[in-house]
Structure formats: structure tokens, C-alpha cells
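Written out below as C-alpha cells is the structure these notes cover.
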Amino acid sequence: MFQAIRSKLDNMSTIKRLCERAETYALQDQQREPGAEHFLLAALDLPDGTARLAFEQAGVEPDALRPAIERQYADALRSIGLKADIVAGAPMPANPGVYQTTSSGREIMQELAATRKDHSPLLGAHVVGIVAAMPHGVAARALRALGVDPVVLKSAADAVAEASPIR
């Protein structure tokens, strides 16, 4: 029983860290609400290292993700005739009040909640697996731009999570 309680507390701490980092990435991108791409970047920052390992096992350099996401934003702006200058200034201030995400961010959180019924720890690889299965959005386009096969990345993420010594 105590192990189950400890696991839930650890997962809550991981979710808190994941949400805070995702929000930081969103604000750096001049967006108030984090999306799947921000949660994916945040997963790469988690101390368990499993998200990075999943990327590496799928043959993808984890540090290539951020520039690929930035290219997706720039391409989207250019496609509607706007100049695609990424502002490197100060991040946007956070919204006070209740934490909000985009629909893709909510999808990740809902999927995590639905799949975290056991007492194993929440890992960055779990987030990678969820995002890899998303067919649309900035994260999906960034992964495609990197030449990532989403099935391979999801399989790698699932294998890393299953084999993780963090129990």
C-alpha cells in the first residue's frame, strides 16, 4: 500500500515537472498554452533520461527536435505570407490562474491519465510514445521533418519504458 502511495506521489511530481517545463517552452515560443511539441521537449528534459534514450534507439538525435519545431512554426507563418522571424527575446509572461494547454497538450495529459492505472513510474518515454502516435500537429510535422518513423519511435519508447530499471 505504501509503495502505491509513493508511486502516485512520484508520478505527481513528474507531472508537475513536465507541465512546468512544457509551459516554459511554450512561453519561450511566445505561446501561452503548451502543446504536444512542448510536452515532448519537456519529456526530453526529465531526469529519468528515457525520452532521450527512446529517441536515440529510434535513430534520432534528441537535440534536433527543438530546431525542427522552430522550422515548423516558421514554415506555417511563411505559408500564410508572414515573415518568419523567430523572436529570441524575453519569453511571454505566464497566465495567472488555472493551468491551460492546447488541445494537443490536453490529449497527452488525458492519455497519460488513462494509461497510468498501474503503479509503475511515469517516464519521459511514456510521453514520447503518446506524441509519436499523434498523426497531426506541430510535433508530428517536426518528427516527420526529422525523418522519424512514428511507429519506430513509439516502439522504441514503449520498449524503453518497459525495460526501465526505475521501478
Under 5 Å, built H, 5+ apart or other chain: amide partners of Q30: M92
Whole-Hz ³J(HN,Hα) from phi, Karplus 6.51 cos²θ - 1.76 cosθ + 1.60, for region 36-53, glycine and proline x: 4, 4, 6, 5, 5, 4, 5, 4, 5, 8, 4, x, 5, x, 6, 5, 4, 4
Helix-only CD estimate at 222 nm, as mean residue ellipticity for the chain, using -39500 (n - 2.57) per DSSP H run (n ≥ 4): -19500 deg cm²/dmol
Any lysines with Cα under 20 Å of the K117 Cα? List them, leaving off those in the same chain fewer than 8 positions away. K8, K16, K154
If you take the square roots of the eigenvalues of the alpha-carbon gyration tensor of region 89-156 and sort them as a ≥ b ≥ c, do you get rounded (a/c under 1.5), prolate (a/b over b/c) or oblate? oblate
Region 2-163, dipole about Cα centre (Lys/Arg Cβ +1, Asp/Glu Cβ -1), debye to the nearest 20: 300
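In percent, what relative contact order does region 2-163 have, based on Cα pairs under 8 Å that are 6 or more apart in sequence?
Computed over region 2-163, the figure is 32 percent.
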To the nearest 20 debye, what charge dipole does region 72-167 have about its Cα centre, counting +1 at the Cβ of each Lys and Arg and -1 at the Cβ of each Asp and Glu? 140
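Give, in whole angstrom and from largest to smallest, the semi-axes √(5λ) of the equivalent ellipsoid of region 30-91, with λ running over the eigenvalues of the Cα gyration tensor.
Square roots of five times the eigenvalues give 26, 14, 9 Å.
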Calculated over the chain: convex hull of Cα atoms, volume per residue (Å³): 116
Selection from A139, I5, A163 lying farthest towards where the dipole of region 2-163 points positive, charges on Cβ: I5
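No value in this document is a laboratory result; all are computed from the given coordinates. Predicted model, so just to flag it, every value in this text is computed and none were measured. A quick note on method: Cβ atoms are made from the backbone with ideal geometry, for glycine too, and the neighbour counts reach across all protein chains shown.
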